[in-house]
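The values are calculated or read from the model by the stated rules, or taken from the named source; none is laboratory data. No experiment lies behind these values; they were computed from the predicted model shown. Quick reminder, even Gly has a Cβ in these numbers, built from the backbone with ideal geometry, and neighbours come from all protein chains shown. In case anyone asks, the SASA skips ligands and DNA or RNA and just uses the protein heavy atoms, side chains included. Shrake-Rupley method; radii C 1.70, N 1.55, O 1.52, S 1.80 Å.
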Amino acid sequence: MSITSNRERILKQIEDATLSAQRTANSVTMLAVSKAQKINHIEEAFNAGQKLFGESYLSEALPKKEALARLGIEWHFIGPIQSNKTKDIAANFSWVQSVDREKIARRLAEQRPDNLPPLNICAQINLFDEATKQGTSTNQVDDLLSFIASQPKLSLRGVMAIPPPQSNHQKQLDQFQKIAAVYQQLQNQFPTLDTLSMGMSADMEAAIRAGSTMVRVGTALFGKRPDNWKELIKG
Ligand SMILES: *Cc1c(COP(=O)(O)O)cnc(C)c1O
């Protein structure tokens, strides 16, 4: 299967899920997750019409971004963030979806270059208290969003979540509905919120049914990442 035909198939799945959930057509965007994927594959997806791409590791993302600079891709950072990486993230991405603490938000605000528009931010939330996962907990999310909203160099756009994988559609749906309920509550308080980023290759239909506005799709678009991809991109 080619990336182009994969993309067509996924867009159709997204549209079918959107309409069967009685939601407005075209209300769900696809972010192509290109971590561990080759530059020519990213270019193929771009030529097929894909404009939004997500990367999780800065050391991998920067050379790819440079190699593809002429295309005009909108890059989203979606990986864990260490403090010493914020300067390059602030200078090289349009969106950061994985902001999980005020310290990181503050650094991104201070380091966003003046000649660039405000950095679009999603707060990553973790409602399922997985110790190993990134994300701010429910009782801290208000403070984090208030801080982001107060920063002129940041634009508060949404909430991102990666719930634990579930093989069963109903369990996927239960988790996504919990996240969507938190998001809807936050929207009352923070009217600039327009993005609920949840759902990946294996669970995007349930995510859309629950209200996702952005699904982050890697494997279904590009094929399986190599088994040793984490080692390949380290450094
Ligand atoms: C890798 C990754 C994805 C994509 O996962 P697939 O299962 O390949 O679709 C989505 N979101 C985040 C944050 C990721 O790290």
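Can you list the lysines whose alpha carbon is less than 17 Å from that of Lys65, not counting same-chain residues fewer than 8 positions off?
Straight-distance partners of Lys65: Lys35, Lys38, Lys51, Lys85, Lys87, Lys234.
Can you tell me which of Gln184, Gln172, Gln22 moves the most in a GNM of the chain? Springs connect C-alpha atoms under 10 Å apart.
With Cα springs under 10 Å in the chain, the top fluctuation among Gln184, Gln172, Gln22 is at Gln22.
If each residue of separation counts as 0.36 nm, what is the full-extension length gain between Gln184 and Arg225 once their alpha-carbon separation is subtracted?
Taking 0.36 nm per residue and subtracting the Cα distance, the gain is 11.4 nm.
Within the range 58-100, what residues put their amide N at less than 15 Å from the label point 7 Å along the Cα-to-Cβ vector of Asn115?
In the range 58-100, the label zone of Asn115 (backbone N under 15 Å from the point 7 Å along Cα→Cβ) covers 91-93.
Let's see if you can work this out: charge +1 on each Lys and Arg Cβ, -1 on each Asp and Glu Cβ, no other charges. What is the dipole magnitude of the chain about its Cα centre, in debye to the nearest 20?
340
Applying the Karplus parametrisation 6.51 cos²θ - 1.76 cosθ + 1.60 with θ = phi - 60° to the phi angles of the range 48-57, what ³J(HN,Hα) value in whole Hz is obtained for each residue in order, glycine and proline being reported as x?
7, x, 7, 10, 9, 10, x, 10, 10, 10
When ligands, DNA and RNA are left out and all protein chains stay put, how many square angstrom of accessible area per residue does the chain have with a 1.4 Å probe?
Counting only protein heavy atoms, the per-residue value for the chain is 48 Å².
Give me the mean projected area, in nm² to one decimal, of the convex hull enclosing the Cα positions of the chain.
12.6
What distance in nm separates the simple spin-label points at Ser2 and Ser20, each placed 7 Å from Cα in the Cβ direction?
Simple spin-label model gives 2.8 nm for this pair.
What distance in nm lies between label points placed 7 Å from Cα along the C-beta direction at Lys87 and Ser155?
2.6
Would you mind calculating the relative contact order of the range 83-235 from Cα pairs under 8 angstrom and at least 6 residues apart, reporting the percent as a whole number?
17
Could you tell me the convex hull volume per residue, in Å³, taken over the Cα atoms of the range 1-76?
92
Asp194 label point, 7 Å along Cα→Cβ, cut-off 16 Å on backbone N: hits in the range 61-103?
So the set is 95-96.
How long are the semi-axes of the ellipsoid equivalent to the range 92-180, from square roots of 5 times the Cα gyration tensor eigenvalues, in whole Å, largest first?
Semi-axis lengths for the range 92-180 are 27, 13, 11 Å.
Students often get this wrong: which residues of the range 1-43 have the backbone nitrogen under 16 Å from the point 7 angstrom along Cα-to-C-beta of Leu232?
Of the residues in the range 1-43, 3, 33-43 have backbone N under 16 Å from the label point off Leu232.
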